[in-house]
Structure formats: C-alpha cells, structure tokens
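Single-structure report; data block below.
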C-alpha cells in the first residue's frame, strides 16, 4: 500500500494510458472495418489491426508530439520566463544557473546521484539527460510515424487504385506533414494555455498551481 | 529491473512498427505475385479459376455489367500480362506490376484476391484506369 501511495501518479497515468490505447484500438478497428466493408475490402481482426500500420501511425503521431512538447518545454524554460506563472523560473534565475544552486561540483551532496559525484563527462551528460532522452524519444516516435504513416498511406493509395509513394515522396507528402502539424499545434496550445492560465487561476493542493493565496505576480512558486 | 525495462520497451516498439510497416514483406509479396500470375494465366484458359481469384465486389460488378463471370472475364479484353516486374505490399493491400498489366489485390481470409485488373496509369496521382474493378 505504501508503494502504491508513493508511485500513485505513475500508476494512475499508466492505467489511463492502457485504457486509452484499448479504446483507440477498438474504435479504430470499428472505423477501419466500416470503411472496408463499404468498399468491399477485407475486414481486420483486432489482433491484425493493433499490428497494422494504420494503428501504429495513429499512436506514433500522438506520441512524437507529446515528447516534442516536453522537450521544448524543458529546454525553453531554462532561458525563457513568464512573469506570474508557476511553470516559469523566477526572472533572475534564467540560464543554466550556478553550481551551488544546481548542487554539483563541490556543492554535491552525499546522496546526490552517482554521476553527479563522478563529475567529468558523466556529470555533463547527466546534466542534460532529461532533454536528451525526450529528444531521443521524440525523434524515434516521429520516425515511427513516418515509417508507419507511409505504409498506411500506401495501403490507402492501393485501395484507391493509385501507385504507392516511395520514401522521398512520402517525406514531402501533405499526409505526413498534416499529421505532424495537427499534433504539434495542439501541444503548443496546451503549454501556452497552462503557462498563462496558471498565472490567474488556482488548483488547491496541486504542484502545478501556485498556492491559492499567492499573488498573481509571483513567478516560479508552486503549491 | 528498471534499467532493463526502458530499452526492452523501445525494442518491442521498434519491432512492432517495422513488422507492421514492411512494404515488401517477402512471403506476402510472393503470395500476392502468385495470385496475380495465376489470375492472368487463367483468364483465357480457365476463366472459372480466374473468377475464383476475383474479390467478391469486383466479381459482383463484372456479373452485374456483363453477365456470367466466366464469359464476362473473357470479354473484358485484359492484356496478356507477362512476367512480374514489381510487387508492393502494404498490410492487406498489394499492387503487382507485370510487363503489360498492373493488378491491385487485397488479402481476404481465403487468400489474395484481385480487386482490379487491366489497369493503366493515368496522369500524376490519378487512379489507374482499369478494365476490371469493383464499384
């Protein structure tokens, strides 16, 4: 029970992720099969659908934009500020900050992570590990969107009695970029909304909100 | 356990995407090509066998417009197709280019079936013009 309490946030969002994927699989299958039946084409089973490029691209295009959102948010909040937002650092702390503030070098603590105490390239790498990991996952999932998207697009092309596209043609195709941009715009909107709304609105008890009684003008203070 | 979990998840995801998206999956490509060549070889000599290789909607369209399938398929003026030039397979859909024809196929429970035949390319990104196709 203690473990559940300590890991509750991860457990809850993992459960939501699984539930949403199941919902996406079932509704996506129903939608695909309806169109296939109308066209006199073979239907898919659930197993075939969740291993299909159609399902893969629908998942990957959402994942890549989420990780891009986090990557940009992590990086831009190092150097950019928003007065009054708990999502922002205080304006006088922009940049990579001092070793003392970051608890590295001679300011490392006894229980600091191993690579912090090791110093050298390990410290430099660990200091950027969150951004690098988000970037890697973003690039991999965007690549997955590209590969799966071309396959799904070409299946549609063949169903429409058209020639499939090669890799270069798909990289320039409206389908790839439309999928990309429609996901990116929603992610950037979400971040911008959160940054601004959290200046003036509150959610008592959430670390994503300023304390209820905190003035609107105070920056980088969370509940 | 955590150190193993992330690379394992990423590897599984990579295999899943690649497996789902191979455009030239050899067994599927071979089977699609075999269905296409069986169809083209049967049109004149064994029209009933060729009809059995048509997708249901394509066969229905042929019978609605030309009467019994075996006669209608011989009257469709399909070209003598020649050897296989290339095969593109994406999931349950395939396009087989032959020397003198292009066929479109779909994979049903009973195997690959021809959805369109006697197809010639049109101008950029327009559908092929096909002698035989579904509605």
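The values are calculated or read from the model by the stated rules, or taken from the named source; none is laboratory data. Because the structure is predicted, anything quoted here is derived from the model rather than measured. Positions of Cβ are backbone-derived with ideal geometry, glycine not excepted, and every protein chain shown enters the neighbour counts.
For the subset of the range B:56-83 comprising residues that are touching a helix residue (DSSP H, G or I) at 6+ places or on another chain (Cβ under 6 Å) and crowded, with 19+ Cβ neighbours inside 10 Å, which member is modelled with the lowest pLDDT? Checking each candidate, the answer is B:81.
Mind checking whether some residue in the range A:118-134 is in the same structural domain as residue A:196 (by TED's automatic domain parsing), within 26 Å of residue A:182 (Cβ to Cβ) and surrounded by fewer than 18 Cβ atoms within 10 Å (Cβ to Cβ)?
As a first pass, look at the range A:118-134 and keep what is in the same structural domain as residue A:196 (by TED's automatic domain parsing): none.
Looking through the range A:118-134, none of the residues is in the same structural domain as residue A:196 (by TED's automatic domain parsing), within 26 Å of residue A:182 (Cβ to Cβ) and surrounded by fewer than 18 Cβ atoms within 10 Å (Cβ to Cβ).
Residue B:43: within 14 Å of chain A (Cβ to nearest Cβ) and either in contact with a helix residue (DSSP H, G or I) (Cβ under 9 Å, 6 or more places away or on another chain) or within 25 Å of residue A:37 (Cα to Cα) (or both), yes or no? Spelling it out, it is not the case that residue B:43 is within 14 Å of chain A (Cβ to nearest Cβ) and either in contact with a helix residue (DSSP H, G or I) (Cβ under 9 Å, 6 or more places away or on another chain) or within 25 Å of residue A:37 (Cα to Cα) (or both). Within the range A:122-146, being without any contact (Cβ under 8 Å) to a residue 60 or more places away in the chain and farther than 20 Å from residue A:75 by Cα holds for A:143, A:146.
So which helices (runs of 4 or more DSSP H) stay within the range A:113-223 end to end and still have 3 or more residues that are closer than 30 Å to residue B:91 by Cα?
Numbers: elements: A:114-118, A:120-127, A:129-159, A:167-171, A:174-200.
It comes to A:129-159, A:167-171, A:174-200.
Scanning the range A:39-54 for residues that are under 23 Å from residue B:133 (Cβ atoms) and free of Cβ contacts under 8 Å to residues at least 60 places away in the same chain, which turns out nearest to the other protein chains (Cβ to nearest Cβ)?
As a first pass, look at the range A:39-54 and keep what is under 23 Å from residue B:133 (Cβ atoms): A:39-44, A:54.
Imposing the further condition that a residue be free of Cβ contacts under 8 Å to residues at least 60 places away in the same chain reduces the set to A:40, A:42-44.
Values: A:40: 3, A:42: 4, A:43: 9, A:44: 7 Å.
The selected residue is A:40.
Can you spot a residue in the range A:58-81 that is within 12 Å of chain B (Cβ to nearest Cβ) and over 19 Å from residue A:135 (Cα atoms)? The answer is yes, given that some residue of the range A:58-81 is within 12 Å of chain B (Cβ to nearest Cβ) and over 19 Å from residue A:135 (Cα atoms).
Against the numbered list (1) surrounded by fewer than 17 Cβ atoms within 10 Å (Cβ to Cβ); (2) out of contact with any helix residue (DSSP H, G or I) (no Cβ under 6 Å at 6 or more places or on another chain); (3) touching a residue at least 12 places away in the same chain (Cβ under 8 Å), residue A:88 comes up short only at (1). Of the residues making up the range A:173-188, at least one is in contact (Cβ under 8 Å) with a residue 12 or more places away in the chain, farther than 25 Å from residue A:75 by Cα and away from chain B (no Cβ under 13 Å).
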